[in-house]
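The values are calculated or read from the model by the stated rules, or taken from the named source; none is laboratory data. The structure displayed is predicted, hence computed values, not measured ones. Cβ placement follows ideal geometry from the backbone for every residue including glycine, while neighbour counts extend to all protein chains displayed. What goes into the accessible areas is simple: the full protein's heavy atoms, side chains included, and nothing from ligands, DNA or RNA. Shrake-Rupley method; radii C 1.70, N 1.55, O 1.52, S 1.80 Å.
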Amino acid sequence: MVKVDGRTTRGQANKKQIVQALIELIREGHPAPTAEMVSARAGVGLRTVFRHFKDMETLYREMTSEVDAIVAPVLATPVVGNNLQEKLMHAIERRADMFEKLAPLQAASLVHLHESEYLRDRQAGTVELQRYLLKAFLPNEIVKDKALFEAFDLVLSIETWLRLRRDQKLSVKAAKKVLQRSVEQLLK
């Protein structure tokens, strides 16, 4: 019979609570919650936060598993459609749904980008992944037209989504419509 150390189990539970507290605070509109806010939300002492995470950046790194859990199903599902327009409309639906879930986490990440090499690398990787996925289904003539491809990449980026939703205060439905209209214009 294997003995389970209660301290280890409690420590793992505390670590999960701390990460979940950070994510909840971010989702509630606090893009840069303090360690004190996180510890209070998690119901643990400040020392417990820093026992599990040497600093806030380490805690933010742990949050990336939440991002990966949102992105993975989207990556596993191919873009579908009988023609380019249908594929683009499907891509807009997919990206918009994913971006809506990622928006608070992305906004928090952007707040800390200047102070974290890890987050800068992660952001660069995300941009490259979005571009790769776009190139995978766009026709070669669009990909080869540098300016046109860059326009598609910009329109279908999370940064555009954040602006539409947060800065322009559009509903999800209205923001999708703007993306669809933009893509239709680029296809002309």
A careful count of residues in region 58-114 that are without any contact (Cβ under 8 Å) to a residue 24 or more places away in the chain and touching an Asp or Glu at 6+ places or on another chain (Cβ under 8 Å) gives 1
Tell me, please, whether a residue that is open to solvent by 60 Å² or more (accessible area, probe 1.4 Å), among the charged types (D, E, K, R) and closer than 24 Å to residue 27 by Cβ can be found in region 123-136.
-> no
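Go through the residues of region 18-35 one by one and say whether even a single one is at pLDDT below 85, farther than 28 Å from residue 181 by Cα and surrounded by 15 or more Cβ atoms within 10 Å (Cβ to Cβ).
no
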With the condition kept exactly as written, say whether any residue in region 54-66 is in a helix (DSSP H, G or I), at pLDDT below 90, open to solvent by less than 30 Å² (accessible area, probe 1.4 Å) and not aliphatic (A, V, I, L, M).
-> yes
Only one of 7, 47 is over 20 Å from residue 113 (Cβ atoms), modelled with pLDDT of 90 or more and open to solvent by 70 Å² or more (accessible area, probe 1.4 Å); which?
-> 47
From (1) closer than 16 Å to residue 90 by Cα; (2) surrounded by fewer than 17 Cβ atoms within 10 Å (Cβ to Cβ), pick out the condition that doesn't hold for residue 144.
-> (1)
